[in-house]
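*Asks:* Below you'll find the structure I mean.
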Protein chains: 4
Amino acid sequence: MNAVNDTPSPVRLKAVAAPGQPEPSPELETLYRGFERELLVPLWTEIGDLMPMHPTSRASPHIWRWKNLVALAEQAGRIVPVGRGGERRAIALANPSLGGKPYATPTLWAAIQYLMPGENAPEHRHTQHAFRFVVEGEGVWTVVNGDPVRMSRGDFLPQSAWNWHSHHNAASAPMAWIDGLDIPFSYYTESQFFEFGREGSGASDRSTPQHSRSERLWGYPGLRPVSQLDAQSATPLLAYRWVDTDRALREQLALEAEGHAVTLSPGHAAVRFTNPTTGGDVLPTIRAEMHRIRRGAGSRARREVGSSVYQVFDGVGTVTVGERTWAVGRGDMFVVPSWTPFTAAADAGGTDLDLFRFSDSPIFEALHAHRVLVEEAPGGTT
Amino acid sequence: MNAVNDTPSPVRLKAVAAPGQPEPSPELETLYRGFERELLVPLWTEIGDLMPMHPTSRASPHIWRWKNLVALAEQAGRIVPVGRGGERRAIALANPSLGGKPYATPTLWAAIQYLMPGENAPEHRHTQHAFRFVVEGEGVWTVVNGDPVRMSRGDFLPQSAWNWHSHHNAASAPMAWIDGLDIPFSYYTESQFFEFGREGSGASDRSTPQHSRSERLWGYPGLRPVSQLDAQSATPLLAYRWVDTDRALREQLALEAEGHAVTLSPGHAAVRFTNPTTGGDVLPTIRAEMHRIRRGAGSRARREVGSSVYQVFDGVGTVTVGERTWAVGRGDMFVVPSWTPFTAAADAGGTDLDLFRFSDSPIFEALHAHRVLVEEAPGGTT
Amino acid sequence: MNAVNDTPSPVRLKAVAAPGQPEPSPELETLYRGFERELLVPLWTEIGDLMPMHPTSRASPHIWRWKNLVALAEQAGRIVPVGRGGERRAIALANPSLGGKPYATPTLWAAIQYLMPGENAPEHRHTQHAFRFVVEGEGVWTVVNGDPVRMSRGDFLPQSAWNWHSHHNAASAPMAWIDGLDIPFSYYTESQFFEFGREGSGASDRSTPQHSRSERLWGYPGLRPVSQLDAQSATPLLAYRWVDTDRALREQLALEAEGHAVTLSPGHAAVRFTNPTTGGDVLPTIRAEMHRIRRGAGSRARREVGSSVYQVFDGVGTVTVGERTWAVGRGDMFVVPSWTPFTAAADAGGTDLDLFRFSDSPIFEALHAHRVLVEEAPGGTT
Amino acid sequence: MNAVNDTPSPVRLKAVAAPGQPEPSPELETLYRGFERELLVPLWTEIGDLMPMHPTSRASPHIWRWKNLVALAEQAGRIVPVGRGGERRAIALANPSLGGKPYATPTLWAAIQYLMPGENAPEHRHTQHAFRFVVEGEGVWTVVNGDPVRMSRGDFLPQSAWNWHSHHNAASAPMAWIDGLDIPFSYYTESQFFEFGREGSGASDRSTPQHSRSERLWGYPGLRPVSQLDAQSATPLLAYRWVDTDRALREQLALEAEGHAVTLSPGHAAVRFTNPTTGGDVLPTIRAEMHRIRRGAGSRARREVGSSVYQVFDGVGTVTVGERTWAVGRGDMFVVPSWTPFTAAADAGGTDLDLFRFSDSPIFEALHAHRVLVEEAPGGTT
C-alpha cells in the first residue's frame, strides 16, 4: 500500500557491540530490519554524531590563495560568457570536507566574480541575501532596483533579498571582486525564490555615477530621511565606502592609544556593517565586519557558534584556525568552521593587518542559539 | 604547500553542451581541472539546483502508520534497554528521500519514544529544542529541572534548550508518545551542545504530582507571576493540557456557528501553543499547533516555506500532500515538505478530525524569509 | 505686533537674595521685566522645583473609605440619571493636593461607578485606556464592540483604547465597581480622542452570557487562536476571572511553603495581568496586579517612579505610604505617589490581605525612565 | 479621623442646569457637598473638558523673535553669574497660556543659553533628556562624561539622561544656543533625578578638540564599533554636524529634481536625527528633525498628536499655526500645540527655508497613541 516501501529502503542499520548500544542478537536484527522497512532510525545508534558535546564541524579550515583565484577567474573570463541562464561568472569556494559542493562553510557561499570590460551580468532577483566586497580594482557598477552603485577597492556592497540587480563593467580592464551569500543555508532550509529580470528594465541603465541614490539618501551618520520611516529588515544603504571604514578603524586605534577602551583587545579594532534603520546586522542572515590588527599585535583566541569566511584586505600576518596556521597576504580567503578557535596576528615588521569577515551569526542570534567564548590572554606576536 | 590538494579533490566538474552553459572545449576542460585542483565550483553549473524559482524540497511526502510505529516500539521495549549512552528509547522517522538519515524533514526530528513500567530515561540537557506530545496513554512523568510533569493523552509538553530533563514511567503499563526536536537543523547549522546529567540530581525525583510547579506558576490565562518578569526566549510553561486545547477548539467552532469569523476557514479551527512571556512561538525554532476540522469540512490548500510534521490526534479523514493522498486515523504521522500544497478533510460520516502539527516556521519568521500562500477556495468534502 | 504682549504677561519674576540666585539690583529688575514682557523664565529661579534630586510628588498619600464611597454612589444613584452627555455615573477620587481635580494621582483616574437595575450607560469610545475591577457585587455586563462581558466579584476587565463600550445592569440590585483610566495623563499630554456611539449599535445587546466571546477565544493558558496573529498593543482578553487570580496567588504561597522562590518576599505573592499577545502589560499605559500578603506577613518597603492606586480586595491589615499609616479593610482605596515608600502588612489574626493595584509604570518602562528601589528587610508584623 | 478633611476641601462643585447634567435640586446640592467632603468629583461635570472629541491644547501658538531673545540673554550675561545652584544661564520660553510656567508646550522646555568668554557651566547630570542646537556662533564645548564636544552653527548635540555634562566657552566672544529638554514632562510625571557633579571631575577638561571621541567612534554611516554592541536607549553619538545635515537635505531636493520620490511633498525635504543603535529617535522622549523647504514651495498642512517647537535656522518664509500666521527669519522660535494644523512656506524671492524642529512624538509612539493627519494638497506659495 505504501508505494515507497516497494523500493529499497535508504535506512541501513547494523547491530554492534558497543557501550550504550543494545546487545546484538537475532531479535535485535529483526527489530532493525523492521525499522528499515518502516523507514525508522533509532536515536541510540545516532546520538553520538547528532548530539555531540559541542559543535564539531563537518567543514575544514582551509585557505584559498588570491593569486590562484584571480588566475582561474581570468582564464574563465576568456572562455566563459556571461549571460542569461548561467547568470554570473562567479566561482565559488568548495570546502574540502563538504563533498565537492560549492559551499565555503555549511551555510555560506563565497565566490570570486569576474567581469570583462563592457560585460553585463543580467538582471535577476532572489531571496538569498548577498553582498559584494572589493579587495582590488574598480570600474564595475552594480545596479540595484535601477540605482547604479560604484564598486571600488575596500567598498562593502550589500544586496538584500528580492531586489532586482545586475552588474556592468564600464572600465577598460577586467574587474574581480568577491560575493558572499547565504545560498547553502537557503538551499538547506528550502526557502528560496528566484526571478529573471525583464529585458529593457532599469538593469539596462549603464550610467556610472560616483554616488548611488541610496548613498545620497542614507549615507550620513545618524540621519534618516523622514520620507523613509518604514521598518526595513535589511539595510537600505547600498555602499559602505572604504574611506569611512578605514577612518573608523584608524580612530579606534588612535583612541586606544589615548587610553580609551574602544578596541576588542589591545591592537585589535573592528567595525560591523549595520542596517541604519535598526542598528543590527546589515542582512538578516549575514554579519559583515572589518577588523584591523595593529602591526605586531594579535587577536584573542575566539570560538563562536556558526562559521565565518575571511578575506585579507591588506597587510601580512599569520592566522590560526583550529590546528591549521597560515601566513596570509592580500586577497587570501579562508574559512573558520563553527566552534573552531581562531586567532590572527599582524607581522611586526609589516603594516596593520586588515581582515574582512562575514559570518552566519545573525541566524543564531535571532534564534537565541548564539554562543561565543573569548580567551582572556591576547595572542600578539610581539 | 596546501596539504589538502595532495588528496583527491572532492570537486568533480563536467563540461556539457546545454543552454546557459559554456561550450565544451579543451580550454574549458583545462579550466574545470583547475577549479577541481583549487577546490572551486562555478555558479553556472549549479544555479538551477541551488537557486530554483521556488523551494523544491529534497524531502518527500510520506506517512507512517501509528500501529506500525507502536508495534516496533513495543518490540524495542522488550530488547533495547534505556540508559546512559543511548539515553532514550526513541525511534525516529526517516524521510525516504533524505538518505536514510533520521530526519522527518530537512530540519525536524520526529520520533516515537517508549518507556516500560518503572523505567527511567536518564537526565541530560542539550541546546536542541524539544517537545513531547501524547496521542494516547499516560503514566510517564518528565522531570524538567527537578519539576515532575505528568504526561497524558492530548497534552503538549515543550522542553526548551539547555534544561535538565529525564522521564520515568510510574505506571504499570508501557507508554508511548512522540518527540519533536530541531536536531537536523542544529546538526546542519552546527550549533549544538550537550551535557549528561549528574547522578543523584533532581532527576531522581520520582514523585507523580497531578500538576507541575510550572503549571501552578504559569498555567493561567494572562496572569504572570510578578517574581518572574525576566525575558524568556522559550516558554516557562511545561504542560499545555488537553482540556484547554479541546475547549479552545470547540469554542472556535461554536463561535463560528454563531456567526463570528474566528476560524481559519469554515469548519477549520486552530490554536497555536505560545510562550506566555511573548505571545510568540513556544520554542524559538519550533511552532506547534492543534487543528480541528469539523466533520465534513476541509482546509484550504496551503503552501508555506519550511516543513511540517503532523500527527492525527483523533478522527478520520483524508490528507493530500503534493501529489500524495492518504486516508488517515489516530496516531498516523506524515510530513509536509517545504512549499508543498497541503489540504486536510474530515470524513462526513465520522467525528471532527484533530491534527497536531509542528513546523520550523519560527526560523523563517525570525529571519524575515517566511512566505505563505493560501488558496481562496476551501477544499471541503461536503 | 505680537498681540499677546498687549495682555498682561502671565510671567511674574521676583529678584531675591538667595544662594544660587543673582544679587538683586535695579539691573536685575530690569532684566526680569524684560523676561516677563517677552514671556521668558530663567532656569535659575526654577531649578530647585523643576529638577529636584528625586521625584517629590505634588500628590499626597490619601485613603478613601469604601463605605463612604458606596454611600455617596447610592445617593447619586437615586438622583443622577445615566445617559448621553454625562455618559457615566462615575465619581472620581480627587487627590487632596491636586487642586480639586478628579485625579487620584497626577496620571491616574480612579472612580466608583454605579448602575441601578435596568440602567444602561450609553455606548462611546475614546483613546483613554480603561479597566473595571469588581470588589463586590454582580449583575452588570460591559459590552465591548458588541461582546457582552459579565462583571463579578474579583474580576478584572480591561478596556483598551478606541473600543466601543457600554454597560448595562441586568440584575435586580444596584452594582458598584471601580474604573481606572489614564485620563489625567491623556489630558496632560493632549492626546485624547472621543466618539459617541451610534444608536441601535451593538451596544443595545442586553444579553447576559456567562462567558464573553473574548474569553472563549483567548481565555486559555498559552493558547493563541491561529486566526488572530496580528500584533496587538493591548490585551484582546476582556475578562480576567477571580477564580484564576485566586488560584495563582494561592499556588504561589503553596509553592513558597514547599521551598520554592516564587514570591516577591516571604508571604508576599503577586500576579500581573498581562496581554497574552506580548506577555507585557495589559494596557500600554496602565499596569494592573493583584497582591496577596499572608496573614501576619508584610511586604518589603518599595519606592518606584510613577504612582499607584490600590484597592483592598479582601482581608484586614495596615498600609504605610510615606508618613501616613492606615488600618484598611475591604474596598478601601488609597494612593501611593511617585517615589513614596510603601509597605503593607496583613493582620496576624485575620485572613490573607488581598490588594488590587494599578499604576502608570508602563509609561516609564516604555520611555526607559523606570526606577525601583526595594528594601532588603521585609516589614512583616510577626 | 481623616486629618485632611479638617482642612478646607479643594473640591468645589456647582449644580447647573445644562444638557447632560442632573437637574439642580437640594438633594443634588447635598450630594455635591458630600463629594467635596470626601474628595470626590463626578465625571459628568468634567467630561467635556477632560475627554474632548480631539486634543484641544491649553498651549497657544506663539512666536519668540531671536533678536529679542539674544538681547535679553546678552543683558543676563552681564549681570547674572553662572555657577553651582543656578547651574545654567538658560532662559526658557513660557507659553502665554500655561500660567507663566517655563514651558514652551505642556511637555517641552526650550531655552536660550548664553555663555561669556571663559565661563564654565558646572557639571551635573539628570534624568531629563536634553539637546543643544546652534543657530549661530561657535566657541563653546560641551563636555559629556569627559568627552569635549565642539558646538558650531548648525550642529545638533543630544545629551541623553544621566550623563555628566558641563559647558565651557573657549572663545573670546559670548555664545548663545538653544536647549531643548523634556523638563515639563518629567516634572508632570514625577520621574526626575538630579546630581551635582564632583569638583575636579572630568568636567574640568577644557580642551577643545575638533572632533569628540563619540564622533570618532560613531560618526560613520552604518558602521558600528564591535566593542559597543550593548543596547542603548539613546544615541551614543554626541554631535550631528551641519555639513552632513545640509548635504542630506540638498541631496533629497536634488533627487526629487531627478524624479525620485524622496521628499515629504514637492519641495519639502526632511531628515530625522536618529540613534544609530536602533534607527529610532535620538532620545526616548524627544524627536529632532531638520526640514528644508525650497524657495517658493510650501509644506502640506499637518496635524499631529503632541507638540513641537521650531527654530528657523535659515531663510525667510511664512508659517501658519492654527489661526496665527507669522513672517519668520533666522533664529525665530515658535510652538505648534497638539493637533493644531501647521504649514510653512519659503518666500519665492529668498533662499530655501531651513526649520529645526523638536517634538514629544516618541512618547506617543512608544505608548501607541500617536496620530498624524496630513492634507493631500500642498500649500506652496507659487
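The values are calculated or read from the model by the stated rules, or taken from the named source; none is laboratory data. Because the structure is a prediction, the values reported are computed rather than measured. Cβ sites come from the backbone with ideal geometry, for glycine too, and all protein chains shown count toward neighbours. Just so you know, the surface numbers come from the protein's heavy atoms only, side chains and all, with ligands and any DNA or RNA stripped out. Shrake-Rupley method; radii C 1.70, N 1.55, O 1.52, S 1.80 Å.
*Asks:* So, in the range B:94-134, exactly how many residues are surrounded by 22 or more Cβ atoms within 10 Å (Cβ to Cβ), among the β-branched types (Val, Ile, Thr) and not in a strand (DSSP E or B)?
*Replies:* 3
For (1) at pLDDT 95 or above; (2) more than 18 Å from the chain's Cα centre (by Cα); (3) closer than 26 Å to B:Pro362 by Cβ; (4) surrounded by 22 or more Cβ atoms within 10 Å (Cβ to Cβ), each residue gets a yes or a no:
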{"site": "B:Val309", "(1), (2), (3), (4)": "yes, no, yes, yes"}
{"site": "B:Trp326", "(1), (2), (3), (4)": "yes, yes, no, no"}
{"site": "B:Arg330", "(1), (2), (3), (4)": "yes, no, no, no"}
{"site": "B:Ser338", "(1), (2), (3), (4)": "yes, no, yes, yes"}
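*Asks:* What number goes with the only condition from (1) more than 8 Å from chain A (Cβ to nearest Cβ); (2) surrounded by 22 or more Cβ atoms within 10 Å (Cβ to Cβ) that D:Arg250 does not pass?
*Replies:* The single condition D:Arg250 does not satisfy is (2).
*Asks:* On the given criteria, is A:Ile91 within 14 Å of chain B (Cβ to nearest Cβ), within 26 Å of B:Pro22 (Cβ to Cβ), in a strand (DSSP E or B) and open to solvent by less than 30 Å² (accessible area, probe 1.4 Å)?
*Replies:* Working: within 14 Å of chain B (Cβ to nearest Cβ): yes; within 26 Å of B:Pro22 (Cβ to Cβ): yes; in a strand (DSSP E or B): yes; open to solvent by less than 30 Å² (accessible area, probe 1.4 Å): yes.
Yes, satisfied.
*Asks:* While we're looking at this one, here's another question. Which condition breaks for B:Val70 when tested against (1) closer than 29 Å to A:Lys14 by Cβ; (2) surrounded by fewer than 16 Cβ atoms within 10 Å (Cβ to Cβ); (3) more than 7 Å from every other protein chain (Cβ to nearest Cβ)?
*Replies:* (2)
*Asks:* So which residues in the range B:165-178 are open to solvent by 10 Å² or more (accessible area, probe 1.4 Å) and of a type outside the set (S, T, N, Q)?
*Replies:* B:Ala170, B:Ala171, B:Ala173, B:Pro174, B:Ala176
*Asks:* For residues that are more than 7 Å from chain D (Cβ to nearest Cβ) and closer than 21 Å to A:Leu355 by Cβ, scanning just the range A:227-246, find the one that is most open to solvent (accessible area, probe 1.4 Å).
*Replies:* Quick first cut of the range A:227-246, residues more than 7 Å from chain D (Cβ to nearest Cβ) only: A:228-234, A:236, A:238-239, A:241-243, A:246.
Then drop every residue that is not closer than 21 Å to A:Leu355 by Cβ, which leaves A:239, A:241-243, A:246.
Working: A:Ala239: 6, A:Arg241: 24, A:Trp242: 51, A:Val243: 97, A:Asp246: 35 Å².
Per the stated criteria, the residue is A:Val243.
*Asks:* Determine the pairs where a residue that is among the basic types (Lys, Arg), located within the range D:309-326, has a partner that is part of a loop (DSSP other than H, G, I, E, B) with Cβ atoms under 6 Å apart, the partner being 6 or more residues away or on another chain.
*Replies:* From the range D:309-326, the pairs are D:Arg324/D:Pro61.
*Asks:* Counting only residues that are open to solvent by less than 10 Å² (accessible area, probe 1.4 Å), at the interface with chain B (Cβ under 8 Å from one of its Cβ atoms) and in contact (Cβ under 8 Å) with a residue 24 or more places away in the chain, how many does the range A:73-88 have?
*Replies:* 2
Per-residue answers, yes or no, for (1) closer than 27 Å to C:Thr274 by Cβ; (2) in contact with a helix residue (DSSP H, G or I) (Cβ under 7 Å, 6 or more places away or on another chain):
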position	(1), (2)
C:Tyr114	no, yes
C:Asn120	no, no
C:Gln128	yes, yes
C:Arg150	yes, no
C:Arg153	yes, yes
C:Trp177	yes, no
C:Phe193	yes, no
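*Asks:* Just checking, which of A:Val16, A:Val70 is farther than 26 Å from B:Pro96 by Cβ and of a type in the set (A, V, I, L, M)?
*Replies:* Details: A:Val16 fails: farther than 26 Å from B:Pro96 by Cβ.
The conditions single out A:Val70.
*Asks:* Let me ask another. What number of residues within the range C:145-159 satisfy the criterion of being open to solvent by 10 Å² or more (accessible area, probe 1.4 Å) and in contact with a strand residue (DSSP E or B) (Cβ under 8 Å, 6 or more places away or on another chain)?
*Replies:* Residues in the range C:145-159 being open to solvent by 10 Å² or more (accessible area, probe 1.4 Å) and in contact with a strand residue (DSSP E or B) (Cβ under 8 Å, 6 or more places away or on another chain): 4 in total.
*Asks:* Of the residues A:Val305, A:Val374, which single one is farther than 29 Å from A:Ala176 by Cα, β-branched (Val, Ile, Thr) and within 14 Å of chain B (Cβ to nearest Cβ)?
*Replies:* Working: A:Val374 fails: within 14 Å of chain B (Cβ to nearest Cβ).
Testing whether each residue is farther than 29 Å from A:Ala176 by Cα, β-branched (Val, Ile, Thr) and within 14 Å of chain B (Cβ to nearest Cβ) leaves just A:Val305.
*Asks:* Among the numbered conditions (1) free of Cβ contacts under 8 Å to residues at least 40 places away in the same chain; (2) open to solvent by less than 30 Å² (accessible area, probe 1.4 Å); (3) more than 7 Å from chain A (Cβ to nearest Cβ), tell me where B:Trp162 comes up short.
*Replies:* Failed condition: (2).
*Asks:* Could I ask something else about it? Could you please let me know if A:His62 is open to solvent by 60 Å² or more (accessible area, probe 1.4 Å), more than 26 Å from B:Ala76 (Cβ to Cβ) and at the interface with chain B (Cβ under 7 Å from one of its Cβ atoms)?
*Replies:* Working: open to solvent by 60 Å² or more (accessible area, probe 1.4 Å): no; more than 26 Å from B:Ala76 (Cβ to Cβ): yes; at the interface with chain B (Cβ under 7 Å from one of its Cβ atoms): yes.
Here the answer is no, as A:His62 does not meet what is asked.
*Asks:* With the checklist (1) more than 20 Å from the chain's Cα centre (by Cα); (2) at pLDDT 95 or above; (3) within 14 Å of chain D (Cβ to nearest Cβ) in hand, flag the one item C:Thr189 doesn't pass.
*Replies:* (1)
*Asks:* What residue, among those in the range A:346-376 that are modelled with pLDDT under 95 and touching a strand residue (DSSP E or B) at 6+ places or on another chain (Cβ under 8 Å), is surrounded by the fewest Cβ atoms within 10 Å (Cβ to Cβ)?
*Replies:* Among those residues, the one meeting the criterion is A:Glu376.
*Asks:* With the condition kept exactly as written, say whether any residue in the range A:62-72 is more than 26 Å from A:Ala344 (Cα to Cα) and without any contact (Cβ under 8 Å) to a residue 60 or more places away in the chain.
*Replies:* yes
*Asks:* Only residues that are open to solvent by 40 Å² or more (accessible area, probe 1.4 Å) and facing chain C (nearest Cβ under 7 Å): list them for the range B:207-226, please.
*Replies:* B:Arg213
*Asks:* Further question: Assess whether C:Arg198 counts as being open to solvent by 10 Å² or more (accessible area, probe 1.4 Å) and farther than 27 Å from D:Thr189 by Cα. Before you say what the answer is, go through the steps one by one.
*Replies:* Working: open to solvent by 10 Å² or more (accessible area, probe 1.4 Å): yes; farther than 27 Å from D:Thr189 by Cα: yes.
Yes; evaluated as a whole, the condition is true for this residue.
*Asks:* For the range A:44-56, check the following and say yes or no: at least one residue is within 7 Å of chain B (Cβ to nearest Cβ), acidic (Asp, Glu) and either farther than 21 Å from B:Ala161 by Cα or open to solvent by 10 Å² or more (accessible area, probe 1.4 Å) (or both).
*Replies:* Residues of the range A:44-56 that are within 7 Å of chain B (Cβ to nearest Cβ), as a first pass: A:44, A:46-47, A:50-55.
Okay, now just the ones that are also acidic (Asp, Glu), so A:46.
Keeping just the survivors that are either farther than 21 Å from B:Ala161 by Cα or open to solvent by 10 Å² or more (accessible area, probe 1.4 Å) (or both) gives A:46.
Yes - at least one qualifying residue is present in the range A:44-56.
*Asks:* Sticking with this one: Give the residue, chosen from B:Val41, B:Val149, that is of a type in the set (A, V, I, L, M, F, W, C), part of a strand (DSSP E or B) and at the interface with another protein chain (Cβ under 8 Å from one of its Cβ atoms).
*Replies:* Numbers: B:Val149 fails: at the interface with another protein chain (Cβ under 8 Å from one of its Cβ atoms).
On inspection, the qualifying residue turns out to be B:Val41.
*Asks:* Scan the range D:268-278 residue by residue and report those that are under 19 Å from D:Ser299 (Cβ atoms) and surrounded by fewer than 24 Cβ atoms within 10 Å (Cβ to Cβ).
*Replies:* D:Ala270, D:Arg272
*Asks:* I need every pair where a residue in the range B:329-358 that is in a loop (DSSP other than H, G, I, E, B) has its Cβ under 6 Å from the Cβ of a residue that is open to solvent by 40 Å² or more (accessible area, probe 1.4 Å) and among the β-branched types (Val, Ile, Thr), sequence separation at least 6 or different chains.
*Replies:* Listed pairs, sorted by first residue: B:Gly329/B:Val316; B:Asp347/B:Val316; B:Ala348/B:Thr381; B:Ala348/B:Thr382; B:Gly350/B:Val316.
*Asks:* Going by the conditions given, is B:Asp281 crowded, with 17+ Cβ neighbours inside 10 Å, modelled with pLDDT of 95 or more and at the interface with chain C (Cβ under 7 Å from one of its Cβ atoms)?
*Replies:* Working: crowded, with 17+ Cβ neighbours inside 10 Å: yes; modelled with pLDDT of 95 or more: yes; at the interface with chain C (Cβ under 7 Å from one of its Cβ atoms): no.
So B:Asp281 does not fit the description; no.
*Asks:* How many of the residues in the range C:320-345 are in contact with a strand residue (DSSP E or B) (Cβ under 9 Å, 6 or more places away or on another chain), under 30 Å from D:Thr127 (Cα atoms) and not polar (S, T, N, Q)?
*Replies:* Our first condition is that a residue be in contact with a strand residue (DSSP E or B) (Cβ under 9 Å, 6 or more places away or on another chain); within the range C:320-345, this holds for C:320-322, C:324-345.
Adding the requirement that they be under 30 Å from D:Thr127 (Cα atoms) leaves C:320-322, C:324, C:334-344.
So of that shortlist, the ones also not polar (S, T, N, Q) come out as C:321-322, C:324, C:334-337, C:339, C:341-342, C:344.
Looking only at that region, the number is 11.
*Asks:* Moving to a separate point now. Can you name every residue in the range B:255-268 that is at the interface with chain C (Cβ under 8 Å from one of its Cβ atoms) and closer than 20 Å to B:Phe313 by Cα?
*Replies:* Hits for the range B:255-268 are B:Thr263, B:Leu264.
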